[in-house]
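Only one structure is covered here, and it is reproduced in the block below.
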Amino acid sequence: MRNLLAFTLLLSSIIASAQIKEGAKVVDLSLSYSNANGSDFFFIQPLIGFGTSENEVVYAGISYSHQKNDFGGGTNKSNFTSFIIGYEQFIELNPKVYFSPFISGSYGFGKSEGSGTESDQNGFSFSLRPRLHYFMNSKWSVVASVGVIQYTRQVAKNAFGESTSDVFSMNLNSTNVFFGIRLNLNN
């Protein structure tokens, strides 16, 4: 992953000023992977965005996450798929670098298993992720996001009944570091 990021930044030496215009269509792909201390985490999120006015984009997309933890001889696994809508407003730091708060809402479903129990899960969340965009040229940009402020409500059903959890969180841990590539289809 580091080599891909270094290669992408090296390619970005061919730079042109860019910004999102009204009516723009963008494809945004974010990925995250971590493997530490017996825990694997993978996340992918393709989004399609539409410029609603200058430097503002609304998104629709889907995400998939897989997590596996091996602790004390037991293994816990979960798979979760979400449908996402989002909004982003770009704030120019210089002609090549933009900051944006990415606000999104999602509804998802999935399964988890561990300790001999399998659970069906569904839930929704609202989140705010700070993102930094580096425009390599008028078509391509690299996107980085670290951290999240999030509210999540999740319902799990298993053989023992149903449980609901409400969580408000704010963190900067390694499962919330995302790198992505954005393609602007209009320029």
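The values are calculated or read from the model by the stated rules, or taken from the named source; none is laboratory data. This is a predicted model, so every value here is computed, not measured. Cβ: placed from backbone, ideal geometry, glycine included. Neighbour counts: every protein chain shown.
In summary, ASN186 fulfils each of the numbered conditions (1) assigned to a loop (DSSP other than H, G, I, E, B); (2) of a type outside the set (Ser, Thr, Tyr); (3) surrounded by 15 or more Cβ atoms within 10 Å (Cβ to Cβ) with the single exception of condition (3). Candidates in region 29-58 are the residues that are without any contact (Cβ under 8 Å) to a residue 40 or more places away in the chain, of a type in the set (Gly, Ala, Ser) and farther than 24 Å from ILE91 by Cα; of these, the one that is surrounded by the fewest Cβ atoms within 10 Å (Cβ to Cβ) is GLY38. When we screen ILE91, ILE84, ILE181 for residues that are under 17 Å from GLY49 (Cβ atoms), surrounded by 17 or more Cβ atoms within 10 Å (Cβ to Cβ) and hydrophobic (A, V, I, L, M, F, W, C), the only hit is ILE84.
Can you confirm whether region 17-25 contains a residue that is in contact (Cβ under 8 Å) with a residue 12 or more places away in the chain and in a strand (DSSP E or B)? So far as region 17-25 goes, yes, one or more of its residues are in contact (Cβ under 8 Å) with a residue 12 or more places away in the chain and in a strand (DSSP E or B). Scanning region 31-69 for residues that are of a type in the set (Gly, Ala, Ser) and more than 21 Å from LYS139 (Cα to Cα) yields a count of 7.
Scan region 134-179 for residues that are closer than 30 Å to ASP120 by Cα and part of a strand (DSSP E or B) and the total you get is 27. Scanning region 56-112 for residues that are modelled with pLDDT under 90 and within 18 Å of GLU22 (Cα to Cα) yields one hit, PRO95. Here the strands (runs of 3 or more DSSP E) wholly within region 26-94 that include at least 1 residues being touching a Leu at 6+ places or on another chain (Cβ under 6 Å) are 39-53, 56-71. Taken over region 137-174, the residue count meeting the criterion of being under 24 Å from GLN89 (Cα atoms), under 21 Å from the mean Cα position of the chain (by Cα) and either touching a residue at least 24 places away in the same chain (Cβ under 8 Å) or surrounded by 14 or more Cβ atoms within 10 Å (Cβ to Cβ) (or both) is 16.
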